[in-house]
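Below is one structure, written out as structure tokens, with a few remarks after it.
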Amino acid sequence: MNKTILLGHGSGGLMTSDLIRDVFVKNFSNPMLNVLGDAAVVKMGDALIAFTTDSFVVDPVFFPGGDIGKLAVCGTVNDLCMTGAKPLFLSSGFIMEEGFPLDDLERIVHSMAAEAEKAGVKIITGDTKVVKKGQCDKIFINTAGIGLLEKRFENISKGSLIKPGDRILVNGYLGDHEIAILSARENLSFEEPVLSDVTALNHLVRNLLEAGIEIRFMRDITRGGLATILAEITASASFGVIIDEQLLPIREQVNGLCEVYGFNPLYLANEGKLLLIVTEESADLALKIMQRFSAGVNARSIGSITASNPGKAIMKSVIGGTRIIERLAGEQLPRIC
Ligand code: MG
């Protein structure tokens, strides 16, 4: 039987990483790619450049708390700043379906410009393609971005600095983005709607770095959720991870909808959340700094890196037991970003 691409290949979970390994890394293999970080880090002359790209196919294009344009800027800015780099320049590529309203395009581009301004990046090049009606769904956007990385931060994105005793922090409620998309798609209405958390995190991260917080590793918690990152960083590592379910910041509405739809909040996508691993000594100050930002008011410590259980990410559950956190095997919801 001829194998074909399945929706699960875009989930950000196990199927995505298998596809990346078996097709992309196999053919493109090089030391910069093979790190598989949020952005590649490359030396050009004396400078270290972070370089990344991301495509956005979210459905619906406008959703509670944001739109595809805001997402396209924030997603790429976040991938750049997770390496410790200062995001500087973005490209924007548009693929649009014939018949797409010009007013909607204007609204999306306006939103991109506003987000870029806030994040302090410039969109300096782009491309426009139009396909016949039905050959793509409304609008897809690709953004690539580059940033400058100071030498002193060069190892953050490698994961090689993580040590037992380090603390694991998150900057707020988990799962809001995916639940906002689900609510929009299913026309669910709540007294207090769940809004997407889409936001650029570069100013928050910059403040942590400038304050001298010893960041061992960070990654934005997007597709595949918190669980996928924890499973990925522990796989074949000499350390383990323990998190406490009771400490996870998850809204009541998010937990409720997860029960109804059979989702696990640990695997839900976010667009303005990061997992931050810092030294024990830096943890309290890191929390205080994050809490000064609207994207970090609900920041908290959720666990730590352990010498025990190497290679495993473990969650202490509310009812007292423990369970191993596995990577997302299939697909929760397609086209969330
Ligand atoms: Mg990322």
Which stretch or stretches of the range 124-145 have amide N atoms under 14 Å from the point lying 7 Å from R107's Cα along the Cα→Cβ direction? 139
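Do the sum for the chain: with -39,500 (n - 2.57) for every DSSP H run of n ≥ 4, divided by all residues, what is the mean residue ellipticity at 222 nm, to the nearest 500 deg cm²/dmol?
On the way: 9 runs with 90 residues, N = 337.
Calculated mean residue ellipticity at 222 nm is -8000 deg cm²/dmol.
Taking the range 108-216, which GluC sites (Glu not before Pro) meet the DSSP loop condition and have no more than 14 other C-beta atoms within 10 Å? Numbers along the way, then the final one.
Working: sites: E115, E117, E150, E154, E178, E186, E191, E210, E214; in loops: E150, E154, E186, E191, E214.
Within the range 108-216, the qualifying GluC sites (Glu not before Pro) (loop, at most 14 other Cβ atoms within 10 Å) are E150, E186, E191.
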May I ask you to list the lysines whose Cα is less than 17 Å away from that of K288, ignoring any residue fewer than eight positions away on the same chain? K273
So for R0 = 35 Å, FRET eff. of N264-N34 from the Cβ-Cβ r, to 0.05, ends up at 0.70
In whole Hz and in residue order, list the ³J(HN,Hα) couplings for the range 153-170 that follow from phi through the Karplus curve 6.51 cos²θ - 1.76 cosθ + 1.60, θ = phi - 60°; x for Gly and Pro. 9, 4, 9, 4, 6, 7, x, 7, 8, 5, 9, x, x, 5, 9, 10, 10, 10
Return the FRET efficiency for the residue pair N309, D59: r is the Cβ-Cβ distance, R0 is 41 Å, and the value is rounded to the nearest 0.05. 0.55
Please work out how much length the chain gains when fully extended from E192 to E280, using 0.36 nm per residue of separation minus the C-alpha to C-alpha distance, in nm with one decimal. 28.1 nm
Would you mind pulling out the separation of the Cα centroids of the range 204-228 and the range 236-315, in Å? 11
Using the Karplus equation 6.51 cos²θ - 1.76 cosθ + 1.60 (θ = phi - 60°), what ³J(HN,Hα) coupling, rounded to whole Hz, does each residue of the range 52-67 give in order, writing x for Gly and Pro? 8, 8, 7, 10, 10, 10, 4, 10, x, 5, 10, 9, x, x, x, 7
Name the residue, out of Q253, Q291, Q135, whose mean-square fluctuation peaks in a Gaussian network model built on the chain with Cα pairs under 10 Å. Q135
Any idea how far apart E326 and K151 come out in nm if each label point goes 7 Å out from Cα toward Cβ? 4.6
Ignoring ligands, DNA and RNA, what percent of the 1.4 Å accessible area of the range 4-103 is carbon and sulfur? 65
Within the range 37-153, what is the number of lysine pairs with alpha carbons under 20 Å apart, leaving out pairs fewer than eight places apart on the same chain? 11
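The values are calculated or read from the model by the stated rules, or taken from the named source; none is laboratory data. This is a predicted model, so every value here is computed, not measured. Every residue, glycine among them, receives a Cβ derived from its backbone with ideal geometry; neighbour counts consider all protein chains shown. All accessible areas refer to the heavy atoms of the entire protein, side chains included, with ligands and DNA or RNA removed. Shrake-Rupley method; radii C 1.70, N 1.55, O 1.52, S 1.80 Å.
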